[in-house]
Structures are given as structure tokens and as C-alpha cells.
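Below: one structure, written as C-alpha cells.
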Amino acid sequence: MQIESLKVFCDLAETESFTKAAHINGVTQSAVSQQISSLERQFKSLLIERSKKKFRLTREGQVLYDYSKQIIQTYESLHSRLQEIKDIISGTIRVATIYSIGLHDLPHHVKRFLKDYPTVHVHVEYKRSDQVCEDVLGNVVDIGLVAYPARDSKLEVIPIKKDPMVLICHPQHPLAKNKSVKVKALAGQNFIGFEQDIPTRKALDKILRESSTSVHYVMEFDNVETVKRAVEIDAGIAIVPSSTISQELEKRTLAQVRVEDVDLFRPLAAIHKKNKVLSPAMKQFLAVIKEESKK
């Protein structure tokens, strides 16, 4: 029996998916099935109740999972400690990020990190906020980058920065002539918003509701790039992170306006699974992101 087989079993137990377990470990679904069957033969026990309707560990499978998790964490701690002793920063870091951070903040951080640690491979995936959290909890990725991090006892949250947000509109829009406006000026405006389940949308709706300001949502999207495109054709106004509009301001396809009487910022954070053993490379990656975000 190898530790790799125990890790595959734990990933399968946590994701409840042969496909995801295969993806995490870089093997085929058939290989996952074979390793599980091998463990069942070795322990002479059925570990998984195989059903099309529901994935569930047997009592023996739960016991194996609990002990295997301890073994894997001990092994990873050992490996990480040996790397620290030898001052080795290498390996692969799997990162999932929401689009706005991934497209506008992360590239600079990764460039700086890889300059200092060229032997590390950083694999980045762009996803919705809820999917980022799901992948972190399922060990599909090592680190997640999100706005408005969810409160979850299974997640470790590392605050990065408060990201300012601004009102954007077409340069010919009546609001564009102002450097700043009060939130009441948004009342009745056609609004381009994020989809309702996205944390930034929930936070903005709360601000508007508390300010007794009602806007008319005409379009809803799941990422900031599409929101900006809709504002560029004068379909409505929007509130977005200021860090995402530098190119549009330079090209003068968008105008930005500060909303002066409310605090418009979104908290950005890195997340990882609680009790996860972070490799030296992962620790340095998080340190670089926090340091660069202060500049």
C-alpha cells in the first residue's frame, strides 16, 4: 500500500466524485477505481457503497478515511519540513480565483513570485466565487482568491486588502460630468449588475437598500469584463472595482465617478482548507500576494 493510494481515497471521500479525484491526482477515473479496489482487497472490506443515486462511505470506509487523513497530513508536514530545512521552494501551487482578481491583480503577483521562485509552477483556474470555495474545500486547488470571503469553519481566511469600487458609465452619460455623486443620484438609473448570488452583488444591494436607493437592473452578468462591455455601449451604469478599469479609462471608453457618501470597497482574501499543510512554496506565494497588495 502506498500513501498515494490513501490520498486518492481521501480525495474521493471529500469530493464524492471519481472525476474530481482523478483530476486532483492527475490520473484517469479507471486508475482511481483500481486503487480503491486494491484498498478494499487489502483490508478485506467494502469501503464505498456504490450507488448511482448517492455516494457514501461504509463504516469501514469512514474509519479508513479518518486514519488516512492523519497519515497524509503527517507525511505532508514531514515533506514540507524537510523542504524548509533544505531551503527548497519548488513544486506546484493550484490556485482558483474569481475573474476580477485573476485578470487584474493576480498576473502581477504571479510575475513577481515566479521571478523569485522560478522552479515553482503556478496553475490558475478562473471560477465563480462559490466554485472557488467548493474547490478549496474539495482539495481540487490549494489556494482560493475571492472577494467577501464566506464564513466557514472549514476555511482559513487570509485578508489581502480592501479593494476600492467606483461608479462607471459611458463618457456621454449625464453622470460622467461629475467627479463624485451621492448615492441618491443612482436612484432610478438603468443598472448593469453582477448576478444575484455573487457576493459583490449582495453587498452592493445591501448598500443601496440601506440608502433607500432603488435602481433598475437591466442586465446581470457573472463577471466584471462583461459588465464593463455593457456599460461601454451605454446600456446602463455599474459599480465595479477600480482596479479593473485602468485600460478603459486610458482609452476613454468608460468614465469613473466616485460615490462620496458610502464606503465602497470589497474585502479581498486568500482562502485555504483549515488544517491544510502548506508547502514552503504556498507560504511564500501567500506572503508575496499580501506584500504586493500593500503597494
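The values are calculated or read from the model by the stated rules, or taken from the named source; none is laboratory data. This one's a predicted model, so the numbers in the text were calculated from it and none came from an experiment. Methodologically, a virtual Cβ is constructed for each residue, glycine included, from the backbone with ideal geometry; neighbour enumeration extends over all protein chains shown.
Some observations on this one:
- Scanning the range 188-195 turns up no residue that is in contact (Cβ under 8 Å) with a residue 60 or more places away in the chain, under 24 Å from VAL140 (Cβ atoms) and under 18 Å from the mean Cα position of the chain (by Cα).
- Any hit, the range 36-49, residues being at pLDDT 90 or above, under 26 Å from LEU278 (Cβ atoms), in the same structural domain as THR15 (by TED's automatic domain parsing) and out of contact with any Leu (no Cβ under 8 Å at 6 or more places or on another chain): no
- Scanning the range 230-263 for residues that are under 25 Å from the mean Cα position of the chain (by Cα) and surrounded by fewer than 15 Cβ atoms within 10 Å (Cβ to Cβ) turns up SER246, GLN247, ASP263.
- Within the range 125-142, if we keep just the residues that are within 10 Å of the chain's Cα centre (by Cα) and aliphatic (A, V, I, L, M), the residue that is surrounded by the fewest Cβ atoms within 10 Å (Cβ to Cβ) turns out to be VAL141.
- Reported count of residues in the range 1-47, each being closer than 30 Å to ILE93 by Cβ and either free of Cβ contacts under 8 Å to residues at least 40 places away in the same chain or small (Gly, Ala, Ser) (or both), is 26.
- Restricting the range 83-105 to residues that are farther than 30 Å from LYS228 by Cα and not β-branched (Val, Ile, Thr), the residue that is surrounded by the fewest Cβ atoms within 10 Å (Cβ to Cβ): ASP87
- When LEU57 is tested against (1) under 19 Å from GLN2 (Cβ atoms); (2) modelled with pLDDT of 90 or more, only condition (1) is not met.
Each row is one residue, and each column tells you yes or no for (1) closer than 24 Å to SER246 by Cβ; (2) touching a residue at least 40 places away in the same chain (Cβ under 8 Å).
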residue	(1), (2)
GLN131	no, no
VAL141	no, yes
ALA150	no, yes
ILE158	no, yes
ILE168	yes, yes
ALA176	yes, yes
SER180	yes, yes
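- Flag for GLU220 being under 26 Å from VAL132 (Cα atoms) and modelled with pLDDT of 95 or more: yes
- Residue check, SER242 of a type in the set (Ser, Thr, Tyr) and closer than 30 Å to SER211 by Cα: yes
- Residues that are surrounded by fewer than 17 Cβ atoms within 10 Å (Cβ to Cβ) and within 25 Å of PRO171 (Cβ to Cβ), drawn from the range 264-295: PHE265
- Here PHE43 meets the list (1) closer than 17 Å to LYS69 by Cα; (2) in contact with a Gly (Cβ under 7 Å, 6 or more places away or on another chain) almost entirely, failing just condition (2).
A quick yes/no check of all residues on (1) under 15 Å from SER100 (Cα atoms); (2) of a type in the set (Asp, Glu); (3) outside the structural domain of ILE101 (by TED's automatic domain parsing); (4) crowded, with 19+ Cβ neighbours inside 10 Å:
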| site | (1), (2), (3), (4) |
| --- | --- |
| GLY144 | yes, no, no, yes |
| ASP152 | no, yes, no, no |
| PRO174 | no, no, yes, no |
| LEU186 | no, no, yes, yes |
| GLU195 | yes, yes, yes, no |
| SER212 | no, no, yes, no |
| LYS228 | yes, no, yes, yes |
